[in-house]
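These notes concern the structure reproduced below.
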Amino acid sequence: MIEIQSHNHASELISLSGAYLEQNESENNLPIGLAYRLAEDPYYYGSELPLLLSILEHGRVVGVSLMTPPKRIILSRINANIQTAIVHLVDHLREIDIQIPGVVGPETEAQVFSECWVEGMLDVSASIDKRMRVFEARGVTNLPLSPLANPTSNSIYIKIGYVPIGDALVFDFVFSDGHNTA
């Protein structure tokens, strides 16, 4: 059974749904960033309070939706039957009589939402405004760097436009029994 849980404050959304969003951080960076900003200041994006919703299936978070009026509603990836979850979400939004100017979210979720939202509405249609691709960094190459004071090995960085500002070090903190704190 799908349930839409409304939150009065972004800290409530983060408490219930933050771990769910962070499972797919790259895909959910927009709702994560907005939620944390709104937790600091609910009026950061305007004079109206944001719409903050968790989508639950049998009490388990399967999606998130939020909106900072008058902007588009934002959807996370939904880990349930997308059609069923979106129908419940749209029904909830119609019950609270909110104006939705558009939707941003993963391709399937946004497509299903737009179809459900305009269904039965006179003179309303949905058109794709932007198509975006989401990327995720899955690895970082470790480049050996010499101290900043070594002009020979660091000259290539200066030639391609880098400005030297200092050296950096990385430490791991390890307990005396050999395990680290990470």
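Of all the residues in segment 60-78, those that are in contact (Cβ under 8 Å) with a residue 40 or more places away in the chain and either more than 12 Å from the chain's Cα centre (by Cα) or more than 17 Å from V112 (Cβ to Cβ) (or both) number 4. Annotation note: of H58, H92, the sole residue that is modelled with pLDDT of 95 or more, surrounded by fewer than 18 Cβ atoms within 10 Å (Cβ to Cβ) and either out of contact with any Ser or Thr (no Cβ under 6 Å at 6 or more places or on another chain) or among the hydroxyl-bearing types (S, T, Y) (or both) is H58. Of all residues in segment 100-113, those that are without any contact (Cβ under 8 Å) to a residue 60 or more places away in the chain have Cβ atoms under 8 Å from Cβ atoms of residues that are among the acidic types (D, E), 6 or more apart or on another chain, in G102/D129. Close Cβ contacts (under 8 Å, 6 or more residues apart or on different chains) running from residues in segment 22-48 that are modelled with pLDDT under 95 to residues that are in a loop (DSSP other than H, G, I, E, B) and aliphatic (A, V, I, L, M) comprise S26/V134; E27/V134.
Scan segment 39-56 for residues that are small (G, A, S) and within 11 Å of P70 (Cβ to Cβ) and the total you get is 2. Restricted to segment 38-50, and to residues there that are within 21 Å of I100 (Cβ to Cβ) and in contact with a helix residue (DSSP H, G or I) (Cβ under 8 Å, 6 or more places away or on another chain), the residue that is surrounded by the fewest Cβ atoms within 10 Å (Cβ to Cβ) is Y44. Here is the figure for segment 101-148: residues that are at pLDDT 65 or above and of a type in the set (S, T, Y) total 4.
Residues are listed down the side, and each one gets a yes or a no for (1) assigned to a loop (DSSP other than H, G, I, E, B); (2) charged (D, E, K, R); (3) over 25 Å from A126 (Cα atoms):
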site: L30; (1), (2), (3): no, no, no
site: L34; (1), (2), (3): no, no, no
site: L52; (1), (2), (3): no, no, no
site: V61; (1), (2), (3): no, no, yes
site: P69; (1), (2), (3): yes, no, no
site: A85; (1), (2), (3): no, no, no
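Filtered by the rule that a residue be hydrophobic (A, V, I, L, M, F, W, C) and under 8 Å from the mean Cα position of the chain (by Cα), segment 21-36 gives L21, L30, I32, L34.
Checking the stated criteria, P50 turns out not to satisfy the condition of being touching an Asp or Glu at 6+ places or on another chain (Cβ under 6 Å) and not hydrophobic (A, V, I, L, M, F, W, C).
Within segment 1-33, restricting attention to residues that are in contact with a Pro (Cβ under 8 Å, 6 or more places away or on another chain) and under 23 Å from Q83 (Cα atoms), the residue that is surrounded by the fewest Cβ atoms within 10 Å (Cβ to Cβ) is E27.
The values are calculated or read from the model by the stated rules, or taken from the named source; none is laboratory data. Since this is a predicted model, take the numbers as computed values, not measurements. A quick note on method: Cβ atoms are made from the backbone with ideal geometry, for glycine too, and the neighbour counts reach across all protein chains shown.
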